[in-house]
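See structure below.
The values are calculated or read from the model by the stated rules, or taken from the named source; none is laboratory data. Nothing here was measured: the structure is a model prediction, and the numbers come from that model. Here the Cβ is made from the backbone with ideal geometry for all residues, glycine too, and neighbour counts use every protein chain on show. In case anyone asks, the SASA skips ligands and DNA or RNA and just uses the protein heavy atoms, side chains included. Shrake-Rupley method; radii C 1.70, N 1.55, O 1.52, S 1.80 Å.
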Amino acid sequence: MAGIVSTSKQGKRVVVIGGGVAGSLAAKLLQADADVTLIDPKEYFEIPWASLRSMVEPSFAERTVINHKNYFKKGRVVTSPAINITESDVMTKDGAVIGYDYLVIATGHNDLFPKTRQEKLSQYQAEYEKIVSSQSVLIVGGGPSGVELAAEIAVDFPEKKVTLVHKGPRLLEFVGEKAADKAFDWLESKKVEVILNQSVDLSSASDGNKTYRTSGGETIHADCHFLCVGKPLASQWLSGTVLKDSLDGKGRVMVDEHLRVKDRKNVFAIGDITNIPEMKQGYIAESHANVAVKNIKVMMSGGKKKRLSTYKPGSEIAIVSLGRKDSVAQFPFVTVVGCLPGLIKSKDLFVGKTRKARGLSPKLLQG
């Protein structure tokens, strides 16, 4: 695997680093027009906002964990993390050197994922069994994933005691206070105990003793716990590459209005890793992918700068699902809770729509 060289589409070699929401869509949309290589440490794409449902219903993951090869048939997948970028090549951990004419960086946030789809499905099965066999569950973190997981367990297993501890003064700090308050009230109505302004010492519970201590001196009994705190951006590795000057103080990649990396003509960054001041959400990452793909196609066809598409952050919508029927939604001028926003997201969690965008059947239970 020393060097992967392609001469078939001269000037049209595209390398996409990261197979998450943004990267998977970009690779899929470019594969017919370019010679595309997708570099990802895992063999599959996962619909991230559906992962918490899979913990209470493992079969749900059959539709949400999708092998890259299922939607990306024309391109090449290199299953290894990227470790370096030069002006012309990307190097991966397993020694591959892949040349590019255009580069798309979509590495999102750091997370530990198993390599294969089967391992990921088994992980959900194990987490489901952990919940089923527990009388009480502790959730640490009151962001969207902590709130959604607490809600999924409260709805599917109402007999279990669920405690959610969050170090901040309110839940869902990324949305307005009104939406956060509605989520809090909904959880309390489902008998979830919410403890704010405290952290938990997870090492305080030894194996036999399932009592955790909080920073406020409270004790919580729980048979198992789930850590739902924010993950760091997966950009640290870029500081050792030719793009080291493109990172801002928070490790985000600085991009222009065409989503090109600062001072670069042929390198794009999309998704959570960019420094665009907006909520980091799946539908936004997909908008980034669409704009970057349009621009790469214009550039490959020799188009001039004036024809490049610009990305404009839209009005922000946040939907946090609360179990299977409800959710709390924040639209630009109104916040609603209950069945209406629940119909938009909670029922299917946009899984059918996301599969369709990648050319897959919304319902089919295959990879």
Checklist entry - Within the stretch 70-78, is there a residue that is open to solvent by 30 Å² or more (accessible area, probe 1.4 Å) and either touching a Leu at 6+ places or on another chain (Cβ under 6 Å) or under 25 Å from residue 243 (Cα atoms) (or both)? => result yes
Checklist entry - Wholly within the stretch 82-197, which helices (runs of 4 or more DSSP H) include no fewer than the required count, namely at least 2 residues that are modelled with pLDDT of 95 or more, surrounded by 17 or more Cβ atoms within 10 Å (Cβ to Cβ) and in contact with a Pro (Cβ under 6 Å, 6 or more places away or on another chain)? => result 117-132
Next on the checklist: I'd like the residue in the stretch 237-264 that is assigned to a loop (DSSP other than H, G, I, E, B) and without any contact (Cβ under 8 Å) to a residue 12 or more places away in the chain and, out of all such residues, is surrounded by the fewest Cβ atoms within 10 Å (Cβ to Cβ).
Outcome noted: 249
Item to check | Condition broken by residue 205, with the remaining ones in (1) open to solvent by less than 40 Å² (accessible area, probe 1.4 Å); (2) touching a Gly at 6+ places or on another chain (Cβ under 7 Å); (3) modelled with pLDDT under 90 satisfied | outcome: (2)
Checklist entry - In the stretch 274-286, how many residues are open to solvent by 40 Å² or more (accessible area, probe 1.4 Å) and within 14 Å of the chain's Cα centre (by Cα)? => result 2
Item to check | Candidates 230, 271 - the one that is closer than 25 Å to residue 51 by Cα, open to solvent by 60 Å² or more (accessible area, probe 1.4 Å), of a type in the set (Gly, Ala, Ser) and within 17 Å of the chain's Cα centre (by Cα) | outcome: 230
Item to check | Sole residue being under 20 Å from residue 357 (Cβ atoms) and touching a Ser or Thr at 6+ places or on another chain (Cβ under 7 Å), chosen from 75, 99 | outcome: 75
